[in-house]
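A quick write-up on the structure given underneath.
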């Protein structure tokens with residue numbers, strides 16, 4: 001679906017177009033002191049300010065796309081993917097039993113501290129999916145990871161498959177081909193079986209996975225003569241303004257000159273001064 005005005009470049013998937021404009025409540029994920037159901041209203045990020053994002057209180061990731069916001073609690077926002085998840089799921093990592101959705105508060109009361117079977121982190125810091133029959137649980141944000149990811153950035157020839165226990169088919173140590181950190185072989189990772197290219201979860205599906213990139217931006221000619229795109233830095237390591245190591249960070253990129261301005265240390269000041277503007 002696209003906007004009826006030909007000059008407007010606003011597009012929506014059909015499934016996004018059909019989303020309900022209001023949800024009565026998400027009782028398992030949004031609790032409040034008065035135990036009243038709070039309705040959630042569909043909202044959208046500002047296309048002309050893609051660097052402004054909303055923090056999802058369910059998966060704890062930022063999004064600059066569609067999200068639901070509580071009509072009474074200004075701080076509670078949830079992205080559309082998380083709002084659409086069911087209370088019970090089947091997951092390939094635990095095929096024998098169904099997993100039930102638990103709130104962080106409910107998890108703490110029943111278990112206290114225990115580790116996520118996907119990433120190894122403490123599961124009490126967020127919502128989770130847990131098995132009621134055995135000791136298996138994963139963060140909500142881990143449960144919604146895609147089964148595969150395809151990008152020329154990671155592998156030019158093959159998709160990377162989400163692997164739940166890499167030791168089943170390959171003994172030895174595992175190091176991420178991107179960040180070069182050692183990975184626990186029984187934690188989830190993205191892995192190309194053909195090329196033996198393992199990637200850790202933060203590298204392939206980290207904190208920017210719900211951020212829409214590619215918006216064209218204009219910058220003042222004194223800073224750079226060409227238009228820039230709102231993008232992740234992947235082709236080099238350093239910001240051309242402050243010189244800081246900003247690999248895999250958000251910012252403004254010129255593909256012609258391999259020129260990059262990091263968002264948080266340099267770009268935000270330039271935005272405030274009116275030196276960077278997104279193009280509709």
> What nm value, rounded to one decimal, do you get for the distance between residue 165 and residue 234 when each label is placed 7 Å out toward the C-beta?
Replying inline: 3.2
> When the chain is fully extended, how far beyond the present Cα-Cα distance does residue 115 get from residue 100, taking 0.36 nm per residue of separation?
Replying inline: 3.8 nm
> Between residue 60 and residue 268, what length comes free when the chain is fully extended (0.36 nm per residue of separation minus the Cα-Cα distance, one decimal in nm)?
Replying inline: 72.6 nm
> Taking the simple approach of a point 7 Å from Cα along Cα-to-Cβ for both residue 277 and residue 14, what is their distance in nm?
Replying inline: 3.8
> Going out from 0 in 10 Å bins, what whole percent of all Cα-Cα distances in the range 216-278 drops into each bin?
Replying inline: 26, 62, 12
> Among 190, 68, what is the fewest-to-most ranking by other Cβ atoms within 10 Å?
Replying inline: 190, 68
>> At a 10 Å Cβ-Cβ cut-off, how would you order 235, 223, fewest neighbours first?
In response: 235, 223
> How high is the FRET efficiency between residue 147 and residue 212 when r is their beta carbon distance and R₀ equals 30 Å, given to the nearest 0.05?
Replying inline: 0.90
> Rounded, prolate or oblate: which fits the range 14-83, taking a ≥ b ≥ c as square roots of the Cα gyration tensor eigenvalues, rounded meaning a/c under 1.5, else prolate when a/b beats b/c?
Replying inline: prolate
> Between residue 220 and residue 180, what length in nm is gained on full extension when 0.36 nm per residue of separation is reduced by their alpha carbon distance?
Replying inline: 10.7 nm
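Taken together, the values in this text are just the output of simple stated rules run on the coordinates, not laboratory data. In this text, all values refer to a predicted model and were calculated from it rather than measured experimentally. Positions of Cβ are generated from backbone atoms using ideal geometry, with glycine treated the same way; all protein chains shown enter the neighbour counts.
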